[in-house]
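First the structure, in the form of structure tokens, and then the observations on it.
The values are calculated or read from the model by the stated rules, or taken from the named source; none is laboratory data. No experiment lies behind these values; they were computed from the predicted model shown. Cβ placement follows ideal geometry from the backbone for every residue including glycine, while neighbour counts extend to all protein chains displayed. To get the accessible areas, we keep the full protein, side chains included, count just its heavy atoms, and leave off ligands, DNA and RNA. Shrake-Rupley method; radii C 1.70, N 1.55, O 1.52, S 1.80 Å.
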Amino acid sequence: MIHPDTFDSKTSFDKVRSMLENSCFSPYARGLVAEMSFLTDFGKISTLLGQAAEMKYILQFIGNFPSQDYYDLSEELQRVRLPGTYTDPEMMIELRLSLITVTDIIHFLKRLDIVEYPQLVALIPASVPEPGLIQRIERIVDEKADIRDKASEKLNSIRREIAGKLSSADRRINQVLSQARKDGLTGDDTELTIRNGRLVIPLQASHKRKITGYIHDTSATGQTVFIEPAEVFEINNEVQNLRIEEKQEIISILIEFTDYLRPHLSGLSVFYKFLGEIDFIR
């Protein structure tokens, strides 16, 4: 040891380290900051200074260096190595965005003169992320991490059936409400309301047997009941069953995607290490 254990604090480098950590986007880069230590290896020091100097020049005088979506999905990718596990849509969005960033950085570095930027060019991976992987994610999830209707034919069919039944239920309950107003079972200004997540008709309690249906709630005074017409009740139950099918189909889609992703995991870990190193240098 040619320097004391208190070297960081005595030189105030602990403050520099904290500033660096706060400037990093990814956990991997923050880990590299935490591992930084006093060096005496001239070759290593020259490499690190060269990387920093080249990056500084790019940021100051060239610009347009990719500087967003530095997600680190290393832990998540490790989790889905096990068969039967599957990704979630939010992770797929981050995977897509981060792989686009990796691709953009590689293309950026490849355009540099190797004589002027030898240290950064030396970091370029042997390949770029597979475009097919990015495109597959785009076919499955949208920008809000919602599963697209056409992610599978079955999902598209289920959702069209749900939409049709919801439209039918909405049309029917409005018809019943309109008739109830005409028959004086409820006020002319009465509107549909929601109880237990279902559309219901507020009805005078004395008339509750005049409409066949399911009573979801009663007002505090007991003078009003909130009823879901029987026909609408049945349609909404069918919708609930379809929602279960929808959820099962979404899980099947995610499992299928993860099975496709699994053979790529080793290569992806290389890209995330590269992204973390670039983040650290930046």
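Key figures for this structure:
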item	result
Shape metrics for the range 1-54, restricted to C-alpha atoms - Rg then Dmax, Å	12.2, 33
Cα→Cβ-extended label distance, 7 Å offset, between residue 240 and residue 191, nm	2.6 nm
Cα long-axis angle, helix 230-261 against the chain (0 to 90 degrees, to the nearest 10)	20 degrees
Share of pairwise Cα separations in the range 188-280, more than 15 Å, in percent	73 percent
Loop-located GluC sites (Glu not before Pro) in the range 190-266 whose Cβ has at most 16 other Cβ within 10 Å (DSSP)	191
Gained length - residue 148 relative to residue 231, 0.36 nm times residue gap less alpha-carbon distance	26.8 nm
0 to 90° range, to nearest 10: angle between helix 153-182 axis and the chain longest Cα axis	40 degrees
Size descriptor, Kirkwood hydrodynamic radius, that averages inverse alpha-carbon separations across the range 238-282, Å	13.2 Å
The range 57-127: GluC sites (Glu not before Pro) in DSSP coil with no more than 11 other Cβ atoms inside 10 Å	116
Under-5 Å amide H pairs with residue 214, H placed in peptide plane, nonlocal only	228, 230
Per-q log10 I(q)/I(0), the range 214-266, q = 0.21, 0.23, 0.24 Å⁻¹ (Debye; single scatterer per alpha-carbon; no solvent)	-0.82, -0.87, -0.89
Rounded accessible area of residue 110 (nearest 10 Å², 1.4 Å probe)	120 Å²
Estimated dipole of the range 1-111 in Debye, rounded to 20 [Cβ of Lys and Arg +1, of Asp and Glu -1, Cα centre]	360 debye
Within the chain, helix-based [θ] at 222 nm, where runs of 4 or more DSSP H residues each add -39,500 (n - 2.57), nearest 500	-18500 deg cm²/dmol
For the range 43-51, Karplus couplings with θ = phi - 60° (6.51, -1.76, 1.60), whole Hz, Gly/Pro x	x, 5, 4, 4, 5, 5, 5, x, 4
Net charge over other residues, Cβ less than 9 angstrom from the Cβ of residue 200 (K, R count +1; D, E count -1)	0
P(r) histogram, all alpha-carbon pairs of the range 30-142 included - 10 Å bins from 0, percent	11, 33, 32, 19, 5, 0
Expected-Rg normalisation [2.2 N^0.38 Å, Cα atoms] applied to the chain	1.60
Rh by Kirkwood over Cα pairs, then Stokes-Einstein D for the range 114-198 at 1.567 mPa s and 4 °C, µm²/s	70 µm²/s
Equivalent ellipsoid, the range 101-251 (semi-axes from 5 times Cα gyration tensor eigenvalues, Å)	58, 17, 12
Alpha carbon convex hull of the range 159-236, projected area averaged over orientations, nm²	4.9 nm²
Pairwise centroid distance, computed over Cα atoms, of the range 102-164 with the range 232-277, Å	16 Å
Hits among lysines - C-alpha to C-alpha of residue 247 under 30 Å, sequence gap 8 or more where chains match	144, 150, 154, 165
Solvent exposure, largest accessible area first (probe 1.4 Å, DNA, RNA and ligands not counted), of 171, 111, 198, 79	111, 171, 79, 198
Accessible area in square angstrom per residue, the range 99-159, 1.4 angstrom probe	56 Å²
Share of alpha-carbon pairs per 5 Å distance bin for the range 105-163, given as whole %	4, 15, 16, 12, 10, 9, 9, 8, 6, 5, 4, 2, 0
